[in-house]
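> Pasting in a structure now, in structure tokens, and then I'll have a few things to ask.
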Amino acid sequence: MALDPAAAVDEAIEGRRSVRAFLPTPVARKVIEDILRVASRSPSGTNIQPWRAYVLTGASKATLSRALLEVHDDPEAARMHRHEKPYYPDQWPEPYLARRRKLGWDLYGLLGITRGNRKGMLHQHGRNLSFFDAPVGMIFTISRQLELGSWIDYGGFLQSIAIAAQARGLGTCIQAAFAPLHQVIREQLALSNDEIIVCGLSLGYADLSKPENALRSEREPLNSFAEFRD
């Protein structure tokens with residue numbers, strides 16, 4: 001028996017998680033197009049639709065990943081690259097620091113990466129730049145002429161992609177790790193100077209045999225963030 005519409009939407013949202021290991025199974029071009037088309041219905045202030053997506057598969061994805069990992073794996077080179085727009089604060093206040101640390105250690109625990117294992121942590125971070133071996137990688141940009149509201153709108157667009165993919169049996173991971181390497185991406189994808197890298201995204205079928213895909217991040221209870229006033 002089919003789910004009612006509300007239950008189907010709830011299942012897609014609640015079932016979504018960040019996938020960090022993918023099967024090599026290709027994703028049909030039509031499926032990718034459908035996901036992006038549906039996501040383009042996301043709301044944006046005055047309908048300016050600030051998103052731009054570069055969809056990479058095959059050789060184009062592999063070439064970009066090689067160029068990014070060359071920098072990532074060279075500590076001196078990596079130090080020269082920074083976000084154009086700050087994604088995270090320089091100093092983490094609570095309760096955000098504790099949540100961030102817990103997610104990191106939960107992931108590392110599943111992977112057998114112990115505290116102090118810098119090499120293991122660096123390798124796992126580098127997996128971002130190979131799109132976790134997903135068959136599809138996406139890079140998202142926004143015009144540098146746009147302001148905060150458009151970045152907020154962008155979040156809704158990315159969420160819509162993740163939910164539309166989930167409803168089709170596909171996994172995703174939205175990744176900030178690409179943004180600091182904007183100079184490499186700009187060169188590889190021949191981007192205009194007006195474009196700022198927002199993030200990357202991995203898309204494909206989750207490899208459920210991999211321990212990292214057992215990670216289910218926690219959420220705070222409703223009464224910790226919502227206040228109802230009559």
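The values are calculated or read from the model by the stated rules, or taken from the named source; none is laboratory data. Just so you know, these numbers come straight off a predicted model, no measurement behind them. Virtual Cβ from ideal backbone geometry, glycine too; neighbours counted across all protein chains shown. All accessible areas refer to the heavy atoms of the entire protein, side chains included, with ligands and DNA or RNA removed. Shrake-Rupley method; radii C 1.70, N 1.55, O 1.52, S 1.80 Å.
> I'm trying to understand the selection: among the residues of the range 47-74, which are under 30 Å from Asp34 (Cβ atoms), among the β-branched types (Val, Ile, Thr) and surrounded by 14 or more Cβ atoms within 10 Å (Cβ to Cβ)?
Val55, Thr57
> Of everything in the range 75-103, what is more than 23 Å from Ser202 (Cβ to Cβ) and either of a type in the set (A, V, I, L, M, F, W, C) or open to solvent by less than 100 Å² (accessible area, probe 1.4 Å) (or both)? Give them in sequence order.
Pro75, Ala77, Met80, Pro89, Trp92, Pro93, Pro95, Leu97, Ala98
> Let me ask something additional. Quick check: anything in the range 96-105 closer than 21 Å to Val19 by Cβ, touching a helix residue (DSSP H, G or I) at 6+ places or on another chain (Cβ under 8 Å) and not acidic (Asp, Glu)?
no
> If a residue counts only when it is in contact (Cβ under 8 Å) with a residue 24 or more places away in the chain, which helices (runs of 4 or more DSSP H) contained entirely in the range 1-81 have at least 3 such residues?
Once the helices (runs of 4 or more DSSP H) in the range 1-81 are filtered for at least 3 residues that are in contact (Cβ under 8 Å) with a residue 24 or more places away in the chain, what remains is 5-15, 29-39, 58-72.
> Okay, moving on. Within the range 17-44, how many residues are over 28 Å from Phe132 (Cβ atoms) and surrounded by fewer than 13 Cβ atoms within 10 Å (Cβ to Cβ)?
Number satisfying all stated conditions: 1.
> Given Ala214, Ala162, Ala206, which one is farther than 26 Å from Glu70 by Cβ, small (Gly, Ala, Ser) and open to solvent by 50 Å² or more (accessible area, probe 1.4 Å)?
Ala214 is the lone residue from the list that is farther than 26 Å from Glu70 by Cβ, small (Gly, Ala, Ser) and open to solvent by 50 Å² or more (accessible area, probe 1.4 Å).
> Are any residues in the range 104-135 touching a Phe, Trp or Tyr at 6+ places or on another chain (Cβ under 9 Å), open to solvent by less than 70 Å² (accessible area, probe 1.4 Å) and closer than 23 Å to Ala53 by Cα, and if so, which ones?
Asn128, Leu129, Phe131, Phe132, Ala134, Pro135
> Output the number of the condition that Glu14 fails; it satisfies all remaining conditions of (1) within 20 Å of Arg127 (Cα to Cα); (2) open to solvent by 80 Å² or more (accessible area, probe 1.4 Å).
Failing condition for Glu14: (1).
> Just to be sure I understand, how many residues within the range 141-163 are within 21 Å of Arg186 (Cα to Cα), in a helix (DSSP H, G or I) and of a type in the set (A, V, I, L, M)?
Number of matching residues: 1.
> I've got another one for you. When you scan the range 209-230, how many residues do you find that are of a type in the set (A, V, I, L, M, F, W, C) and part of a loop (DSSP other than H, G, I, E, B)?
Matching residues across the range 209-230 total 4.
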